[in-house]
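The values are calculated or read from the model by the stated rules, or taken from the named source; none is laboratory data. Bear in mind the structure is a predicted one, so any value in this text is a computation, not a measurement. Using ideal geometry, Cβ is built from the backbone for each residue, glycine included, and neighbour counts are taken over all protein chains shown. Heavy atoms of the whole protein, side chains included, go into the accessibility calculation; ligands, DNA and RNA do not. Shrake-Rupley method; radii C 1.70, N 1.55, O 1.52, S 1.80 Å.
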Amino acid sequence: MKKRLKKLGLVFTMVAGLALTTGCNKNEKKLVEDMVEKYSAYCDLADYKGIEYVETKTVITEDDVQYQVDSLLSAYATSTSVTTGVANDGDTVNIDFLGKVDGVAFEGGSTDDAGYDLTLGSGMMIDGFEEQIVGHSVGETFDINVTFPENYGEPSLAGQDAVFTITINEKIVKEYPDYTDEFVAANTEYKTIAEYEEYLMTAMTDNAKESDLNYNKSAVVTAVIDNSTINEFPQQDMQKLIDDTVAQVESQADSYGYELSDYIIAYYGMSSVDEFKSYVSDLAKSFMTEKIVMCAVAKAENITVTDKEIADFKAYMMEQTGITDEETFDDAYTTEDVAYYALEDKVVEFLLENGTPVEPTTEAVQ
């Protein structure tokens, strides 16, 4: 039974295991009926059948398989230091450098003799830096002239001309094992190259299909939501979502010995508690928007879930979250949570089956 636990489209995932709504352990069928009736009332549902959505359709190629083969070989490669010869495009070299602007060294412009591994042609450095190393010999010290781009991250250097003194310490040559049946048998679960590459193609194709399915479900849900009108939100439920999420994050911060404001900066990259609360509020609105529209479609199409489907989905959620103890799970998710996720899964399946894919895109997966 492959189903989605994470929300498709507009997703509310701030706190893993947060009980998103209130609910009680009453008859599941009546619970679902009440939930659908309650939330669908907040929505003017537009057309939801035949909705056009941009289809994601991934095609796995031989190049994708080769990428995985190369990754395997790279994992078993050995590196050799070469202290003679010339640095060529594509070589990995270890260098030291000291940069100066108007003859003055600037912060962050030196390796301090610690050495830096750089693959020439990788584009990791500013324009002109790597190109001017090509052709110089290992052990040589020389100057290069570069200009920092106008949009460089450090404003004091943006647009400035600089001179870097470079020393090439060594070339780092990777030696890859031979790609043979023997290598495959020794380092994978397969006996031959043919078996291994057949597995890669099958596994990558299956993964791509599952990923495409989730993207397409998300696309059709988003399209239906965009076509619908939310007249108002259940304010009590919305506020509970926000308050519970903030409280959960505050508890997490306390468990790590942080003040909430410091935790938000460290783990969420936000500058203030107010900014974080605004972000949570937006997520709550997105989550509730989707719940309202999904319940409206369920009501219009008489889609419901049985007690067995709810129980099966609970087992799936426990598997996906890694919660093995039922009591712990019940502390995290209410009966209505599970019922809604199970119902939503059926509604999204219905929308996809009745949707119209357009402008399929083809992309390779690596």
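Within the stretch 85-118, the set of residues being closer than 19 Å to GLU154 by Cβ and of a type in the set (Gly, Ala, Ser) comprises GLY99, GLY103, ALA105, GLY108, GLY109, SER110. Residue check: MET204 meets all listed conditions (1) open to solvent by less than 50 Å² (accessible area, probe 1.4 Å); (2) assigned to a loop (DSSP other than H, G, I, E, B) but one, namely (2).
Conditions (1) in contact with a helix residue (DSSP H, G or I) (Cβ under 8 Å, 6 or more places away or on another chain); (2) open to solvent by less than 60 Å² (accessible area, probe 1.4 Å); (3) at pLDDT 95 or above; (4) among the aliphatic types (A, V, I, L, M), marked per residue:
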| residue | (1), (2), (3), (4) |
| --- | --- |
| CYS295 | yes, yes, yes, no |
| PHE313 | yes, yes, no, no |
| ILE323 | yes, yes, no, yes |
| ASP337 | no, yes, no, no |
| GLU344 | yes, yes, yes, no |
| GLU353 | no, no, yes, no |
| PRO360 | no, no, no, no |
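Residue count for the stretch 297-311, restricted to those that are surrounded by 15 or more Cβ atoms within 10 Å (Cβ to Cβ) and within 15 Å of ALA339 (Cα to Cα): 7. The number of residues in the stretch 47-66 that are open to solvent by 40 Å² or more (accessible area, probe 1.4 Å) and either in a strand (DSSP E or B) or touching a Lys or Arg at 6+ places or on another chain (Cβ under 6 Å) (or both) comes to 3.
Only one entry of GLU175, GLU195 meets the criterion of being more than 30 Å from THR84 (Cβ to Cβ) and either at pLDDT 95 or above or surrounded by fewer than 13 Cβ atoms within 10 Å (Cβ to Cβ) (or both), and that entry is GLU195. Do we find a residue being without any contact (Cβ under 8 Å) to a residue 24 or more places away in the chain, in a loop (DSSP other than H, G, I, E, B) and open to solvent by 40 Å² or more (accessible area, probe 1.4 Å) anywhere in the stretch 276-289? Scanning the stretch 276-289, I find no residue that is without any contact (Cβ under 8 Å) to a residue 24 or more places away in the chain, in a loop (DSSP other than H, G, I, E, B) and open to solvent by 40 Å² or more (accessible area, probe 1.4 Å), so the answer is no. Residues considered: ASP237, ASP254, ASP262, ASP212. Of these, the only one that is more than 19 Å from the chain's Cα centre (by Cα) and either in contact (Cβ under 8 Å) with a residue 60 or more places away in the chain or surrounded by 13 or more Cβ atoms within 10 Å (Cβ to Cβ) (or both) is ASP237.
Close contacts from the stretch 334-346, counting a first residue that is farther than 19 Å from VAL220 by Cβ and a second that is of a type in the set (S, T, N, Q), with Cβ to Cβ under 6 Å and a gap of 6+ residues or different chains, come to THR335/ASN25; GLU336/THR21.
LYS314 fulfils the conditions (1) free of Cβ contacts under 8 Å to residues at least 60 places away in the same chain; (2) more than 26 Å from LYS209 (Cα to Cα); (3) charged (D, E, K, R) except for a single criterion, (2). Taking the stretch 67-90 on its own, how many of its residues are in contact with a Lys or Arg (Cβ under 7 Å, 6 or more places away or on another chain) and open to solvent by less than 50 Å² (accessible area, probe 1.4 Å)? Total satisfying the criteria: 4. State whether one or more residues within the stretch 102-116 are part of a strand (DSSP E or B) and touching a Ser or Thr at 6+ places or on another chain (Cβ under 7 Å). Checked against the condition, which is being part of a strand (DSSP E or B) and touching a Ser or Thr at 6+ places or on another chain (Cβ under 7 Å), the stretch 102-116 yields no hits at all. One residue alone among VAL146, VAL101, VAL93 is under 30 Å from GLN66 (Cβ atoms) and surrounded by 15 or more Cβ atoms within 10 Å (Cβ to Cβ), and that residue is VAL93.
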